[in-house]
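Before any comments, here is the structure.
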Amino acid sequence: MEPPPRTYVRDALARTEPLDRILIQGWVRTRRDAKGFSFIEINDGTCLENLQAIADSALPEYETVVKAISTGAAVSVNGRLEPSKGKGQQWEVIAEAIVLHGNADASYPLQKKGHSREFLREIAHLRPRSNLFGCIFRLRSRLAHAIHTFFQDRRFVYVQTPIITANDCEGAGELFRVTTLDLLNAPRTPEGHPDFSEDFFGVPTYLTVSGQLEAEVFSAAFSNVYTFGPTFRAENSNTWRHASEFWMVEPEMSFCDIHGNMDLVEEFTHALIHDTLEHCASEIDLFNRFVDKSLRNRLETLLSQRFERITYEEALKILAKSGRSFEFPVAFGEPLQTEHERYLADEYVKGPLAVYDYPRSIKPFYMRQNEDGRTVAAMDVLVPGVGEFIGGSQREERLGRLEDALDAHALPREQYEWFLDLRRYGSVPHSGFGMGFERMLMFLSGIPNIRDVIPFPRTPGNASF
Ligand code: 4AD
Ligand code: MG
């Protein structure tokens, strides 16, 4: 008789009827022996929960195969799905035939006892098989789906912006260079610098820090667009919330000002939380038990919370009145640091907030200048526990102002002619933002370190795996 098709553990556990024939395949979490039986807990990654298989000692392979199975082994179990007689689970598989594909010996690091997240980071190739990281990466997958659904449902067009680029969108100089020049023997200009006209693309190129400029091109044709892809920053900051390679979601909307932009942030955030609570309930439950006991409550509360909106200058006043001694200065023209953001979100508002209208001098060239002459229509959106998770702005749509801004930032106009053309032909007020995908994941899971929400984190000094 042909074996039945594979049933995933998640579907088996959700059944309302038993099954005469079932095939379960996965990795053994534990095996324990009782008189005349062996109980095997199997996880196949489709959900947090395991499915228990019961092997009777009468099985022909009992002594040779079943008794050899250890934690971490890969197995296929054919049998019957029956209501469980034990406590704690509704269904179990009565095994009729068991195949041991690859066993794992006692050196397998994920034995039953809990490990620290720091330790698991060192075995990033095995940690997806732990309960915690299983939950994190299922949430990550679902969140990506929810992001696409949100935008597709609202007629946003998904645009794939280039990863290799000649622009420094944010102007912060945090670029990874892309080159095929022989570093030890590069062609030189008469001044003795490496000659990038001889390089692969004929110009200096980098890994992108943001897809925004190209997204603006598409928003000037499709009204509303979004990007969702990897971005790279050579920031030499080893912090709990910075990665050198991370994913960003960047919506860009024509006929939209900074206030419409903040409205979208709110709707977007609510939709993602809603989707997570609905589709990742057991994942959230696990985070709530083992990572952050206030997580579920915080997420549910946020669903009914409007986002506070305050200007940068109002934020300065709040910080000055806080009575706190901050490490970094609180003064016009100074960026808000993590400690300031955390005070505003965690303690002052105790919820999400958008800070807008930042000093021109600390923001990139493309942001729309306000009439006060010293601020731009920038916004940072802060959430408790994480601080900034979204940064965005209304863009400068006026040709002359944008040209002046390029000059003020000492950026060569020739290189931005295509971007200026958007202001020459059918220019329109437009706005957008970038959401750090990992920052959102940290917020949704309560996981306090960005290294634990990326499959294989890249941070200064670390590119293992
Ligand atoms: O605030 P940023 O630098 O904004 C931009 O890049 C704009 N071009 C976005 C836009 O308007 N389309 O970055 C946006 C977000 C931040 O709020 C943060 O969540 C995340 O990207 N981010 C990082 N996440 C992880 N590691 C890093 N090193 C990050 N740098 C920024
Ligand atoms: Mg920012």
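The values are calculated or read from the model by the stated rules, or taken from the named source; none is laboratory data. The structure presented is a predicted model; accordingly, all values stated were derived computationally and were not measured. Note that each Cβ is placed from the backbone with ideal geometry, even for glycine, and that neighbours are counted across all protein chains shown. For the accessible areas, the whole protein counts, side chains as well, though only heavy atoms, and no ligand, DNA or RNA atoms are used. Shrake-Rupley method; radii C 1.70, N 1.55, O 1.52, S 1.80 Å.
Worth a mention:
- Rounded to the nearest 5, the antiparallel percentage of DSSP beta bridges internal to the chain is 85%.
- Surface calculation, 1.4 Å probe, protein heavy atoms: Phe332 sits at approximately 80 Å² accessible.
- As a fraction of the 1.4 Å probe accessible area of region 362-425, surface on carbon and sulfur atoms comes out at 49 percent.
- Largest to smallest accessible area among Ser322, Ser223 [probe 1.4 Å]: Ser223, Ser322
- Gain on full stretching of the segment that runs from Ile362 to Asn462 - 0.36 nm per residue minus C-alpha separation: 33.0 nm
- For region 26-98: relative contact order, % (alpha-carbon pairs under 8 angstrom, 6 or more apart): 31
- Ordered by 1.4 Å accessible area with all protein chains kept, Arg29, Arg127 run largest first as Arg29, Arg127.
- Prolate/oblate/rounded label for region 130-186 (Cα gyration tensor, a/c 1.5): oblate
- Approximate spin-label separation Leu183-Phe39, in nm, with each point projected 7 Å along Cα-to-Cβ: 5.6
- Carbon plus sulfur fraction of accessible area for region 21-91, probe 1.4 Å, in percent: 54
- Contact order relative to length of region 336-401, as percent, for alpha carbon pairs under 8 angstrom and 6 or more apart: 33
- log₁₀ of I(q)/I(0) at q = 0.14, 0.15, 0.16, 0.18 Å⁻¹ - region 80-207, Debye sum with one point per alpha carbon: -1.00, -1.03, -1.06, -1.12
- Which of His274, His115, His409 is most accessible, then next, and so on - probe 1.4 Å: His274, His409, His115
- Within the full protein context, the accessible area of His148 is estimated at about 50 Å² for a probe radius of 1.4 Å.
- Split the accessible area of region 179-233 by element, probe 1.4 Å, and carbon with sulfur accounts for 59%.
- Amide H contacts under 5 Å for Cys47, placed H, 5+ residues apart: Arg10
- Those lysines that a straight Cα-Cα span of less than 30 Å connects to Lys321, excepting residues fewer than 8 apart in one chain: Lys350, Lys363
- With Cα atoms defining each centre, region 108-143 and region 80-97 are spaced 27 Å apart in the structure.
- Selection from Thr189, Leu207, His242, by position along the positive dipole direction of region 169-244 (Cβ): His242
- Solution diffusion estimate, µm²/s, Stokes-Einstein, region 195-277, Kirkwood Rh from C-alpha pairs, 37 °C, viscosity 0.692 mPa s: 212
- Restricted to Cα atoms, the chain shows a radius of gyration and a Dmax of 26.8, 85 angstrom.
- Accessible area of region 241-356 divided out per residue, in Å², using a probe of 1.4 angstrom: 47
- Look at the alpha carbon pairs under 8 Å that are at least 6 residues apart: their mean separation over the length of the chain gives a relative contact order of 12 percent.
- Area of Trp418 that stays accessible when all protein chains are in place (1.4 Å probe, Å², to 10): 90
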